[in-house]
1. Could you list, in sequence order, the residues of segment 11-45 that are farther than 28 Å from Asp80 by Cβ and either without any contact (Cβ under 8 Å) to a residue 12 or more places away in the chain or over 28 Å from the mean Cα position of the chain (by Cα) (or both)?
2. Taking segment 175-196 as the region of interest, how many residues are small (Gly, Ala, Ser), loosely packed, with under 15 Cβ neighbours inside 10 Å and either at pLDDT 55 or above or outside the structural domain of Lys149 (by TED's automatic domain parsing) (or both)?
3. Give Lys149, Lys131, Lys137 a once-over and let me know the one that is assigned by TED's automatic domain parsing to the domain that holds Asp80, under 16 Å from the mean Cα position of the chain (by Cα) and among the basic types (Lys, Arg).
4. Can you tell me which residue is nearest to the chain's Cα centre (by Cα) among those in segment 114-125 that are touching a residue at least 60 places away in the same chain (Cβ under 8 Å) and not in a helix (DSSP H, G or I)?
Amino acid sequence: MRRNKKERQQELVMTIKENPFITDEELAELFSVSVQTIRLDRLELSIPELRERIKHVAEKRFEDEVRSLPIEEVIGDIIDIELDQSAISILDIKKEHVFKRNRIARGHHLFAQANSLAVAVINDELALTAKSSLQFKRSVHEGERVIAKAKVTRIDNEHDRTFVEVKSYVNNEPVFIGEFEMFRSNKNRGGKEHEAGN
């Protein structure tokens, strides 16, 4: 059933409220209208574009939480973080991230997203990558959204090391896996060694 403009806009407001990270393309598909119509609706309703919504949520929630680097230095937008436990970021692959000839994302952007998330999740003012092991599972293309999920797997205070696993997905399909061994200054020294929260 096709909604009239008023009904669509009311539902649009509710949908974005429930999921601020939904794209205009996804909304257009959901409401069976063009992307242009969704953009006009957003303008009329004074709803900012996705990037601004993400930025607003991230800055509001994580500005004071991330200790190891300024939030603007994180590659991708952090949407959830629990220091020394887990973190999630999203990166929309755009023209500047891809090779011109085939529109495939350059690998270093996926690495940078994962690596900066591995740094951000560390509850310390100094966190550096000591070692990493990477697997690129499939090519990522322009227009795709990469969701990176970092999980702290082990903290070794004796050797000032934290081990972080980052898995990146496009539509729930794994595209990148990184294992990071992070050096930390350990100003928050606790016990000798422990497994991170399971």
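The values are calculated or read from the model by the stated rules, or taken from the named source; none is laboratory data. Note that the structure is predicted; figures quoted are calculated from it, not measured. Neighbour counts are summed over all protein chains in view; Cβ atoms, including those assigned to glycine, are modelled from backbone coordinates with ideal geometry.
1. Quick first cut of segment 11-45, residues farther than 28 Å from Asp80 by Cβ only: 32-34, 36-37, 40, 43-44.
Those that are farther than 28 Å from Asp80 by Cβ and either without any contact (Cβ under 8 Å) to a residue 12 or more places away in the chain or over 28 Å from the mean Cα position of the chain (by Cα) (or both): Ser34, Gln36, Thr37, Leu40, Leu43, Glu44.
2. If we filter segment 175-196 for residues that are small (Gly, Ala, Ser), which is where we start, we get 178, 185, 190-191, 196.
Those left that are additionally loosely packed, with under 15 Cβ neighbours inside 10 Å: 185, 190-191.
Now narrow it down to the ones that are either at pLDDT 55 or above or outside the structural domain of Lys149 (by TED's automatic domain parsing) (or both): 185.
So the count comes out to 1.
3. On the way: Lys131 fails: under 16 Å from the mean Cα position of the chain (by Cα); Lys137 fails: under 16 Å from the mean Cα position of the chain (by Cα).
Sole residue among the options that is assigned by TED's automatic domain parsing to the domain that holds Asp80, under 16 Å from the mean Cα position of the chain (by Cα) and among the basic types (Lys, Arg): Lys149.
4. Narrowing segment 114-125 to residues touching a residue at least 60 places away in the same chain (Cβ under 8 Å): 114-115, 118-119, 122-125.
Among the residues that remain, those that are also not in a helix (DSSP H, G or I) are: 122-125.
Working: Ile122: 16, Asn123: 18, Asp124: 20, Glu125: 21 Å.
Among those residues, the one meeting the criterion is Ile122.
Table: residues versus (1) touching a residue at least 12 places away in the same chain (Cβ under 8 Å); (2) of a type outside the set (A, V, I, L, M); (3) within 17 Å of Asp77 (Cα to Cα).
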position: Ala148; (1), (2), (3): yes, no, yes
position: Arg154; (1), (2), (3): yes, yes, no
position: Glu158; (1), (2), (3): yes, yes, no
position: Tyr169; (1), (2), (3): yes, yes, yes
